[in-house]
Each structure stands twice: as structure tokens, then as C-alpha cells.
1. Given the criterion under 22 Å from Ala43 (Cβ atoms) and of a type in the set (D, E, K, R), identify the matching residue among Lys276, Lys333.
2. Of these, Gly98, Gly142, Gly147, which one is more than 28 Å from Lys290 (Cβ to Cβ), open to solvent by 10 Å² or more (accessible area, probe 1.4 Å) and either at pLDDT below 95 or under 15 Å from the mean Cα position of the chain (by Cα) (or both)?
3. Of all residues in region 77-110, how many are over 27 Å from Val32 (Cβ atoms) and not aliphatic (A, V, I, L, M)?
4. Kindly list the number of the only condition in (1) under 19 Å from Ala124 (Cα atoms); (2) crowded, with 18+ Cβ neighbours inside 10 Å; (3) of a type in the set (D, E, K, R) that fails for Glu281.
5. Out of all the residues in region 65-76, which are under 21 Å from Lys139 (Cβ atoms) and of a type outside the set (Gly, Ala, Ser)?
6. Consider only pairs whose beta carbons are under 6 Å apart and that are at least six residues apart or on different chains; among these, list those whose first residue lies in region 233-245 and is under 16 Å from Leu328 (Cβ atoms) and in a strand (DSSP E or B) and whose second residue is modelled with pLDDT under 95 and not hydrophobic (A, V, I, L, M, F, W, C).
7. Which residues, counting only those in region 84-95, are over 12 Å from the mean Cα position of the chain (by Cα) and either open to solvent by 40 Å² or more (accessible area, probe 1.4 Å) or more than 19 Å from Asp65 (Cα to Cα) (or both)?
Amino acid sequence: MKKALFIFSCMIAGIALFSCTKKSEEKEIMLVMAEVNPPETIAGRTDQAFKEKVEELSGGKIKIDLQYSGILGDNSTVRKLITQPGSTIQIARQSTAGFAALGCSSYSLLSIPFTFSNRDHFWAFAQSETAEKLLNEPKEKGLNIIGLYYGEEGFRHLFLTKPAAKIEDLAGLTMRVTNDKALQAIAKSLNMEAVHVDFSDLYGAMQTGKVDVADQPLANYLANHFDEVAKNIILDGHQLGIMETFITTEAWDSLSEKQQKIIREAGKYASEYCRKISQEEEDLILQKIKDAGVSVVPVADISPWQKALDGYIKETAASDMELYNEILSYANK
């Protein structure tokens, strides 16, 4: 009996020793994550939810060094870094529109104005097999990154340094654009002059009069203090601010299968968190904007805006009409 107890005790001790050894062998990993917006925005809060869940699920073995407010560079700088080998940034939250210009043709479809009729439409798409396939497109295009999960910052609206209420009021104004073709098409179709300005320079450009018009989701408009230099908003909702969080293939390949599962699970959690807070947050922000004395003009009839962009919409959708119709179909699911 004593011998049996001794053998059993040795087995327990051996299991404990193996467990401790295995735990100690788990390497600690630090992944640097870039965010252009401040922490209080929908994007910033979603990033934080991802960071906390990764660290929770990994028992602190995987840490996310989350840098907000463009400290690591504006969107274009970060995008250039993470798509190159040896990037000092391993994870980044980006707009899908930025990758459309880098050859991700399906992302061009997501950026087509007035594609998503409402948030439910987008989230039905985001949780579909179609959306899952699109996460891998950057890697398939040789961009050195893998998509992890989706989010959204709310619909993008025009904000202006000058009062305006309808399309005709925009003619002749200067609009800030990026390399996003959809944004350039909006400026052209609404008879505005396109001016390329980095996001980090946009406040100053509007303050000095270089730019009259720009667009952002309401959360980013307020968090970046654009209400100080552009006190007019037209709620045209021309695009949904679709977010996608990416990880470099180098960082991904360095993770164990267990660690990759943790990253994926945390991504699903962050995506669902974003869905829960986005509408509520936007409603609160809209009230704050109004209370700050900003002129907010709703658009009762969006059809003239859609008509103005009809040529661009049809031309871009034609690149993969089957996929575009598939994206549209989620409005009814």
C-alpha cells in the first residue's frame, strides 16, 4: 500500500514538474500595435478591448504595446511599414479603403459609396464566410499581412469650415482626399477640388483655409477636435468607416498554434465589442456635437447624392459584380 502511495505521489510530482516546466517554456511576446485615433474613439476602445482580451487569454504571456493618436505615424506611414519585411509594428487597425489602393480589389467594393444601407447590413456581412475570405486577400496579394477581424467607426459624413446644406453648396470648395479612389470620386462628383492632405495635417489645413471640406465618422470628428475649425456637418453617410485589424505575416508565423488561436479569439471578442458600442457611442457623440454649437444638417433624401456618384459606383462594382451583389445581399440577412 505504501509503495502504491509512493508511486502515485511521484506521478503527481512528475505531472506538476512537467506542467511548471512547460509553463516556464512559454516565451513572453510583445506585439506593437498602431492606432491613429485617440483612445476614447470607437477605434481606440475596440483596440483596447482586443489588447485586454489577448493578455487575459494568454495569462500575460502575450502583451500588446498599443500606441494611440498616430504616435507611430499616420495611416499611410503605418500601412507602408506593416506591409514590408522586418516591420517594427506588428499589428495595426486600418481602414479597408487604404488597401484598395494597394491592389486589394475586393476592398474597393467595400469602399463604394452607399454600399451598406445600415449597420445591420454591414455586420451581417462582417460575420459571413464572404468576409472571412476577404481577410486573407492582402496576404494573397503579397502584402505581408493577414486580416484578423472587422470593426466599424460609424458612417462617414462631410464636415465643413463653411455653412452648406445641399449638393449645390459644395461646388467650388476644396475637399481633403487621400489615395482612396472613392474619396477622390466623391470630390469630383460633387464638383469640389480634391486636395491631398495627410490626416495628421488635416486640422491645420482646415484652420488655414487650405481645405474647406473633409470627411470622418462622428467619433473621430469630435475626438480630433475638428469641431474647433469646421463647425458644419452634413449627415450624408456616404461611406461606412470599415475597420480591419491586421497582423504581419512574420509576427503571425512566429506564434504557436495556441497563440494564434488566442489572437483569433480576442479578435472575435473585439469585433463583437465594437458592434455593441458603435451605435450607442455615435448617438452620444452626435448630441455632444450639437451641444458644442456645431450646425448639423440631416439629409432627408439621399438619392441625389447617390445619383451624383452613380457613374463611379457602376464602374467600380463592374470589376467584380458577382462579389458586389453578394455583399449587397447581406442587407436582407
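The values are calculated or read from the model by the stated rules, or taken from the named source; none is laboratory data. Keep in mind that this is a model prediction, so the values were computed, not measured. Quick reminder, even Gly has a Cβ in these numbers, built from the backbone with ideal geometry, and neighbours come from all protein chains shown. The accessibility values were calculated without ligands, DNA or RNA, using every heavy atom of the protein model including side chains. Shrake-Rupley method; radii C 1.70, N 1.55, O 1.52, S 1.80 Å.
1. Only one candidate qualifies: Lys276.
2. After applying the criteria, what remains is Gly142.
3. 3
4. Against the list (1) under 19 Å from Ala124 (Cα atoms); (2) crowded, with 18+ Cβ neighbours inside 10 Å; (3) of a type in the set (D, E, K, R), Glu281 comes up short only on (1).
5. Across region 65-76, the qualifying residue is only Asn75.
6. Taking only residues 6 or more apart or on different chains, the pairs are Ile242/Thr96.
7. Of everything in region 84-95, those that are over 12 Å from the mean Cα position of the chain (by Cα) and either open to solvent by 40 Å² or more (accessible area, probe 1.4 Å) or more than 19 Å from Asp65 (Cα to Cα) (or both) turn out to be Gln84, Pro85, Gly86, Thr88.
Per-residue answers, yes or no, for (1) charged (D, E, K, R); (2) over 28 Å from Leu134 (Cβ atoms); (3) in a loop (DSSP other than H, G, I, E, B); (4) touching a strand residue (DSSP E or B) at 6+ places or on another chain (Cβ under 9 Å):
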| residue | (1), (2), (3), (4) |
| --- | --- |
| Glu281 | yes, no, no, yes |
| Ile285 | no, yes, no, yes |
| Lys288 | yes, yes, no, no |
| Ala300 | no, yes, yes, no |
| Pro304 | no, yes, no, no |
| Tyr312 | no, no, no, no |
| Thr316 | no, no, no, no |
| Leu323 | no, no, no, no |
